[in-house]
Amino acid sequence: MNTSTVSSSRKRHDLYGERFRARQHELSPRLFSVAQYIDRHRGAVLHKTAIEIAADTQTSDATVIRAIQALGFSGLRDLKNVLAAWLDETLSTSARMATTVSALTADSNSSIDFVLKSYLISCEMLASDANREAISHATALLKAAKRVAVFGIGASSLLADYAARLFNRNGTPAYVLNRTGAALSEQLIGMNKGDVLIMMAQRSAHREGTTTVEEAQRLGISIILLTGTPDAAFVNVADTVILIPRSAEAEKIPVHGTPMICLEILVLALAASAPERPVKTVNRLYELSNSLTKPRKNGR
């Protein structure tokens, strides 16, 4: 860690640390074990539920909440907001990259392990009962939709493009919402009643996401949210939420293929729910492709 990073860390107001040190003598052994776990695993706690923290500390979710409240926080969301501010979750891409590569060895083995671990965590979560139910609900919404809008900016912009292409190839009209600033308005203007919005978003309520959600609500459009955190900004307005973490650790760079796995599941599940549509579309694509590539008379 360089000197500037150390200085920056020292300047942060560590509210959790202050309260933990001031009140730890008042805590029962079980409450203390939870509070100490949170103190030592701050980045991981940002992406965990009370039940998951309870499993890690061999306590109950009620004990976790009591420990959090004993330190003066209203609940888990309040705690996470404080921890996120301290950890500075808006670290630049270069800072995340530096944190990640500094923990890897020169050979490729640790890189293999890091990426595969991230995908393994995501796949295990996608296979959970809660996500299976959410995906089933999402499939029903997609089946009833006239068109599918896929929102994603930044790195998710490319994923949105690819997902829209997959939906179109399988017979479901789809379009992307992946621009930023005023340019997004030119895409949003095409959103209509009867569409369904698939939204890739994380914790922050950026302007593009907020505007897109507000327009969807104005039109009465259902929202399918794909996010890596249970306390994402748009969780409360989504019709169904699919949780897919992008990294094994909050401070490390994300792997961007995890949302793509979920998007491909949704495309395939929709195709399986009405197989005649994708089959008809693929056959027509084949005919058009042949027309474009086969030699014609007179060299045309």
Legend entry - Gain on full stretching of the segment that runs from His137 to Leu120 - 0.36 nm per residue minus C-alpha separation: 3.8 nm
Inset, instruction - Could you rank the peptides 257-264, 225-232 by their average count of other C-beta atoms within 10 Å per residue, with the highest value first? - result: 225-232, 257-264
Inset, instruction - May I ask you to compute the full-extension gain from Val235 to Val282, defined as 0.36 nm times their residue separation minus their alpha-carbon distance, rounded to one decimal in nm? - result: 13.4 nm
Inset, instruction - For segment 126-181, divide the Cα radius of gyration by the Kirkwood radius and give the resulting Rg/Rh value with two decimals. - result: 1.03
Inset, instruction - Taking the convex hull of the Cα atoms, report for segment 151-221 its projected area averaged over all directions, in nm². - result: 4.5
Inset, instruction - Just need the relative contact order of segment 103-184 here, percent rounded to a whole number, with Cα pairs under 8 Å and 6+ apart. - result: 22
Legend entry - ³J(HN,Hα) computed for each position of segment 143-153 - Karplus, 6.51 cos²θ - 1.76 cosθ + 1.60, integer Hz, glycine/proline x: 5, 8, 7, 6, 9, 10, 9, 10, 9, x, 10
Inset, instruction - Using a 1.4 Å probe and ignoring any ligands, DNA or RNA, find the accessible area of Lys193 and quote it in Å² to the nearest 10. - result: 140
Inset, instruction - Heads up, I need the accessible area for Met125: 1.4 angstrom probe, whole protein in place, Å², nearest 10. - result: 50
Legend entry - Computed E for Ser110/Glu214 - FRET, C-beta separation, R0 35 angstrom, nearest 0.05: 0.20
Inset, instruction - Mind running the shape call on segment 32-82? Use the C-alpha gyration tensor, a ≥ b ≥ c as the square roots of the eigenvalues: rounded below 1.5 for a/c, prolate if a/b tops b/c, oblate otherwise. - result: rounded
Inset, instruction - Any of Lys48/Lys146; Lys117/Lys280; Lys48/Lys117 with alpha carbons more than 27 Å apart? Name them for me. - result: Lys48/Lys146; Lys117/Lys280
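The values are calculated or read from the model by the stated rules, or taken from the named source; none is laboratory data. The model shown is predicted, which means the values in this text are computed figures rather than measured ones. No Cβ is skipped: glycine too gets one built from the backbone with ideal geometry, and neighbour counts run over all protein chains shown. Heads up: the accessible areas ignore ligands, DNA and RNA and are worked out on the full protein's heavy atoms, side chains in. Shrake-Rupley method; radii C 1.70, N 1.55, O 1.52, S 1.80 Å.
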